[in-house]
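A short reminder: the numbers here are calculations on the coordinates, not readings from a lab. Treat the numbers as computed from the prediction; the structure is a model and nothing was measured.
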Ligand code: COA
């Protein structure tokens with residue numbers, strides 16, 4: 001049976017931490033769908049198109065385009081998107097204990113909406129556990145070096161935004 005997984009997120013922007021989860025997810029699903037969504041509690045710096053463009057370029061740069069990965073924007077409920085794409089599971093990265101409560105609530109709500117779709121958590125690898133898109137944006141805006149956390153292409157996009 002084909003296992004279809006969705007890796008949802010705001011990806012504002014995608015970081016090396018997200019990329020690490022994508023690469024590892026490919027070991028457990030046959031097809032990975034990256035769902036670029038809007039979290040109603042966040043005001044993204046980048047448009048959905050800009051975020052998707054970064055993801056495509058980063059996948060290209062990491063020779064992941066030949067893998068079974070698709071990228072879509074998620075409009076509306078994640079669980080409806082999962083149903084439309086016949087997904088078996090949602091994949092999320094867990095960085096620290098502080099992520100747990102938020103993920104626990106979201107997983108519980110999603111389970112109530114669609115119990116047939118499981119949520120699977122992958123622990124962030126050591127060097128990515130402190131990265132967050134917000135911190136990357138803040139450090140970059142204040143002139144810090146974020147090249148360890150995001151791609152060169154992403155830095156170019158952030159440079160343009162912060163001009
Ligand atoms: N390594 C490093 N950083 C990571 C990471 C990893 N492996 N995994 C997550 N992060 C960071 C991100 O950079 C981000 O940082 P930020 O908070 O500073 O922006 C944070 O952890 C989590 O963001 P992200 O993974 O991009 O997703 P999110 O939590 O913003 O996504 C959605 C939430 C989009 C999945 C959720 O809002 C959703 O499902 N929306 C659709 C609407 C819906 O169905 N709502 C009801 C939900 S019950």
- In Å and whole numbers, how far do the C-alpha atoms of segment 58-97 stretch along each principal axis, longest first? 31, 31, 19
- Task: Calculate, in nm to one decimal, what residue 97 and residue 24 gain on full extension: separation in residues at 0.36 nm each, minus their alpha carbon distance.
- Result: 24.2 nm
- Note on the structure: Honestly the chain on the Cα gyration tensor test (a ≥ b ≥ c root eigenvalues; a/c under 1.5 rounded, otherwise a/b vs b/c for prolate or oblate) is just prolate
- Pull out the extension gain between residue 105 and residue 40, defined as 0.36 nm times the separation in residues minus the alpha carbon to alpha carbon distance; nm, one decimal. 21.9 nm
- Task: Label segment 25-74 by shape, choosing from rounded, prolate and oblate, from the square roots a ≥ b ≥ c of the eigenvalues of the Cα gyration tensor; if a/c is under 1.5 it is rounded, and otherwise prolate applies when a/b is larger than b/c, oblate when it is not.
- Result: oblate
- Note on the structure: Under Stokes-Einstein, segment 1-45 at 10 °C and 1.306 mPa s, with its Kirkwood radius over C-alpha pairs, diffuses with a coefficient in µm²/s of 139
- Item | C-alpha center-to-center spacing [segment 59-135, segment 1-56] in angstrom | 7
- Query: For helix 152-161, what angle does its Cα long axis make with the longest principal axis of the chain, in degrees from 0 to 90 and rounded to 10?
  - Reply: 70
- Task: May I ask for the angle, rounded to the nearest 10°, between helix 48-61 and the longest principal axis of the chain, with both axes built from Cα atoms and the value confined to 0 to 90°?
- Result: 90
- Using only the Cα atoms of segment 61-134, construct the convex hull and provide its projected area averaged over every direction, in square nanometres to one decimal. 6.5
